[in-house]
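The values are calculated or read from the model by the stated rules, or taken from the named source; none is laboratory data. Just so you know, these numbers come straight off a predicted model, no measurement behind them. Every residue, glycine as well, gets a Cβ built from its backbone with ideal geometry; the counts of neighbours run over all protein chains shown. In case anyone asks, the SASA skips ligands and DNA or RNA and just uses the protein heavy atoms, side chains included. Shrake-Rupley method; radii C 1.70, N 1.55, O 1.52, S 1.80 Å.
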Amino acid sequence: MVKQVDNVVLGTLKERLKEIFGYSQFRGEQEVIIQNILLGKNTFVIMPTGAGKSLCYQLPALVTEGMTIVISPLIALMKNQVDQLTAFGINAQFLNSTLTKAEMTRVKNDALDGSLKLLYIAPESLTKEENLEFLKRVKISFVAIDEAHCISEWGHDFRPEYRRIYGIIENIGNLPIIALTATATPKVQQDIRKNLQMEEAETFKSSFNRKNLYYEIRAKKDTKKQLIRYVRNNKGKSGIVYCLSRKTVEEIAELLSVNDVKALPYHAGLDSNTRMANQDAFLNEDVDVIVATIAFGMGIDKPDVRFVIHYDVPKSLEGYYQETGRAGRDGLEGNCLMFYSYDDIQKLEKFNKDKTVTERDNARHLLNEMVAYSTLGVCRRRQLLSYFGEYLDKDCGFCDNCVKPTEKRKVQDEVVLVLRAVHLTEQRFDGEHITDLITATDNQYVRSYEHDKLDVFGKGTELNESREYWISTIRQLVILNYLEKDIENYGILKIGEKGLNYINDPYPVTLYKDHNFEEEEVKVEDDADAASGGSAHAYDEALLGMLKALRKKVAKEKDLPPYVIFQDPSLEEMATTYPTTQQEMAQINGVGMGKVQKFGRQFIDLITRYVEENDIETAKDVVIKSTVNKSKIKIFIIQQVDRKISLDEIADVKNMPLGDIIEEVEHICYSGTKLNLDYYINQVIDKERQQDIYDYFMSAETDNIAAALDEFSGDDVSEEELRLVRIKFLSELAN
Ligand code: ADP
Ligand code: ZN
């Protein structure tokens, strides 16, 4: 183990990332995390699904001496990871009960002679005496504990064996530990640290925001029709439909099948062979859609799931977030649709009637959060992140509530009233109580605390009589961070700095009307993919189709899921830059040298033939397709815009000023490629202001920016705003 990360190692980390995995950039905090574990320090990683946890231990495992032990709870997951690493040309293996004696011996020999770099093992196998003896004889660099929340009884997948891991590691030697999980409630975190005796470990917690996921909730009416239409509109894409009961799973799988959708059911009532076969059919893309109970998903790391549908309302937001998180792990399209009806909530409530009082209260509380999330008109992403303790200071522009907002209202006195009520009652009560207080609801609690003597008592009714109105207002104020809600402490409301400042210096705040799903009309027509917007794709669709077909063929031959060969983002890039040599192929994101050698040939041949037959000119590093000169950065921008990533973030990732990114976008548009930037423009420029600028360009003699700046000189309009709207103007009219 390297105790001191010398510069040589660090300097080459990025090179090794490119060479082995084919990625040119680390994502988020991957690099510092890797440095930390390379220094031999215990490391704690909390990242949402799809953020790239595996790389945090895989890359350091490959650049250090010795073998890394990876503890993972599921055999299916291990096989999957090992397949993926093997495809990169890495010696990784697993040790579990499915191996024959001979296979087991081979794995052990590889470990002892030092050629094995990563050994995946389940905690059950780890505790076996013979394995322990063997591991003591191997040179080990560090231990990675995946799905570390399994240690905690407070987590959703408690596994008693996980609690024994630390003792065993200690027995093998004094090894650094990297623990990774996507579940991060404080209680679970604390359990993990304590149990692994790594209280001092540095924690790397990344934002839980999954920017490429589009969240949408529709009324549960005409649901079957809506579902079929939606799935048909997403023909050929992989998707999961979650249902509450086995019966519904069977019924919906059947319904989709008779409507020409390749779909199979998955639930715990099927015998294990059928279950495995159906899961494999989904992974191998023999079927597009899996209809499942929540039994399906853990341990499935298929990166290209394009939609997750909740046919029934889930029991908690934790569950919902985990399940929707399975969409778009590769960073490309991921649509999350839920059908909502209050009937479902009542059904779920009935399930709880035999539980203890505490369990029932807890379950009801979770359901209330679900109702709030579904019905509030506020940006869904802001709601979700707020629930997980993160505050987002802007609407995301990429959820149904942002795209099709409900009625808005500007309020001020209402906000002051609520904040004052919380303040006067010493920040010790929840939203229900505050509502009771300001609507003068007669109850014993209000009276017993003498809250009926406060000046805010009953003041709310003068402004609005409806109780729901106040509940909704309070909830929205929490999401907007005027109030803070202590979830672990009975939902008690507190006032943070923002709220205190507000009381002293109030201003109008925009709130949204709740959805009324009973009344909302459903449109079964073609609105299924509001998410996939209007902008034209940058890639060559015909070629992409051929590449996907080839991938499937190769996958079949090798008996691997297609995404193990190449992932979708890599194929899309190939269909944009037309690599025809090994060197060019190695430049594609996600294609390391190992993959070029293993699978490159056939793909290069296909592209070469395609390029010849279609007279596509490719210049060394730059590809000329039609008139657009799509250099790397341009391609990157086009892809990111396609995914509705904000320009600020693109600038961030590329480490370029925003102005330069806008300039690249201008080049792209001037050379005739249509880009739809509405999602971003709507986020950063007020609608009315956009209209003013747009109208100006419409009537102006020239689209010159200096002239425009001159025109708007009194209005505090920035050059960037003008240029953004000009892009919109040009894309809509000129192209
Ligand atoms: P998690 O375990 O956190 O759910 P994974 O490790 O499965 O996430 O990674 C999710 C996806 O991100 C995978 O498709 C992986 O190939 C990709 N990925 C990871 N790191 C990078 C990177 N630095 N650049 C590009 N893609 C990456
Ligand atoms: Zn939003």
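Rounded, prolate or oblate for the stretch 632-733? Axes are the square roots of the Cα gyration tensor eigenvalues, ordered a ≥ b ≥ c, and the cut-off for rounded is a/c under 1.5. Taking the square roots of the gyration eigenvalues as a ≥ b ≥ c, the stretch 632-733 is prolate. In terms of overall dimensions, the stretch 347-432 has a Cα radius of gyration and Dmax of 16.4, 44 angstrom. Solvent-accessible area per residue in the chain equals 45 Å², computed with a 1.4 angstrom probe and all protein chains kept. Model label points for Lys205 and Lys453, set 7 angstrom from Cα along the Cα-to-Cβ axis, are 4.1 nm apart. Kirkwood hydrodynamic radius computed over the chain comes to 28.3 Å, based on all pairs of distinct alpha carbons.
For the pair Glu426 and Thr608, a Förster radius of 51 Å applied to the C-beta separation gives a FRET efficiency near 0.10, rounded to the nearest 0.05.
In this structure Glu251 has an accessible area near 80 Å², from a 1.4 Å probe over the protein heavy atoms. Counting protein heavy atoms only, the stretch 407-512 has 45 percent of its accessible area on carbon and sulfur, 1.4 angstrom probe. Cα extents for the stretch 407-512 along the principal axes, largest to smallest and rounded to whole angstrom: 34, 30, 24.
Stokes-Einstein, applied to the Kirkwood radius of the stretch 272-367 over Cα pairs at a viscosity of 1.567 mPa s and 4 °C, places its translational diffusion at 86 µm² s⁻¹.
Ligands, DNA and RNA left out, the 1.4 Å accessible surface of the stretch 632-733 is 43% carbon and sulfur atoms. Dipole orientation for the chain: of the candidates Gln476, Ile434, Phe158, Phe158 has the Cα lying most toward the positive pole (charges on Cβ; Lys, Arg +1; Asp, Glu -1). Using a cut-off of 12 Å between alpha-carbon atoms, which aspartates and glutamates can reach Lys513, once sequence neighbours fewer than 8 places away in the same chain are excluded? Straight-distance partners of Lys513: Glu407, Glu468. A dipole drawn for the stretch 7-205 from +1 and -1 charges on Cβ atoms has a positive end, and of Gln93, Ser125, Ile46 the residue lying farthest that way is Gln93. Can you bin the stretch 213-402 into rounded, prolate or oblate? Criterion: square roots of the alpha carbon gyration tensor eigenvalues sorted a ≥ b ≥ c, rounded for a/c under 1.5, prolate for a/b above b/c, oblate for the rest. It is oblate, given that a/c is not under 1.5 and a/b is not larger than b/c. The alpha-carbon atoms of the stretch 111-204, seen along their principal axes, cover 41, 25, 19 angstrom, with the largest extent given first.
Its Cα centre serving as origin, the chain has a Cβ charge dipole (Lys and Arg +1, Asp and Glu -1) of approximately 2640 debye.
Cross-linked pairs Lys41/Lys548; Lys235/Lys485; Lys350/Lys485; Lys101/Lys548; Lys237/Lys404; Lys347/Lys548: Cα-Cα separations exceed 32 Å for Lys41/Lys548; Lys235/Lys485; Lys101/Lys548; Lys347/Lys548.
Amide H contacts of Cys399: none lie under 5 Å away among residues 5 or more positions distant or on a separate chain (H built 1.01 Å from N in the peptide plane; Pro and chain starts excluded). Go through Lys262/Lys553; Lys53/Lys634; Lys194/Lys302; Lys79/Lys194; Lys394/Lys674; Lys211/Lys247 and tell me which ones have a Cα-Cα distance over 23 Å in this structure. Correct reply: Lys53/Lys634; Lys194/Lys302; Lys79/Lys194; Lys394/Lys674; Lys211/Lys247. Among beta bridges from DSSP that stay inside the chain, the antiparallel ones total about 20%. Sorted largest first, the principal axis extents computed over the alpha-carbon atoms of the stretch 188-286 equal 57, 34, 25 Å.
Could you tell me what percent of the accessible area of the stretch 3-123 is made up of carbon and sulfur, with a 1.4 Å probe and every protein chain present? The nonpolar share, carbon plus sulfur, comes to 53 percent.
Listed by number, the DSSP H helices of the chain that run 24 Å or longer by alpha-carbon position along their axis and have mean Kyte hydropathy of at least -0.5 are 541-558. What FRET efficiency comes out for the pair Gln190/Arg360, r = Cβ-Cβ distance, R0 = 22 Å, nearest 0.05? E(calc), rounded to 0.05, equals 0.30. Based on alpha-carbon atoms, the Kirkwood radius and the radius of gyration of the stretch 31-175 give Rg/Rh equal to 0.93.
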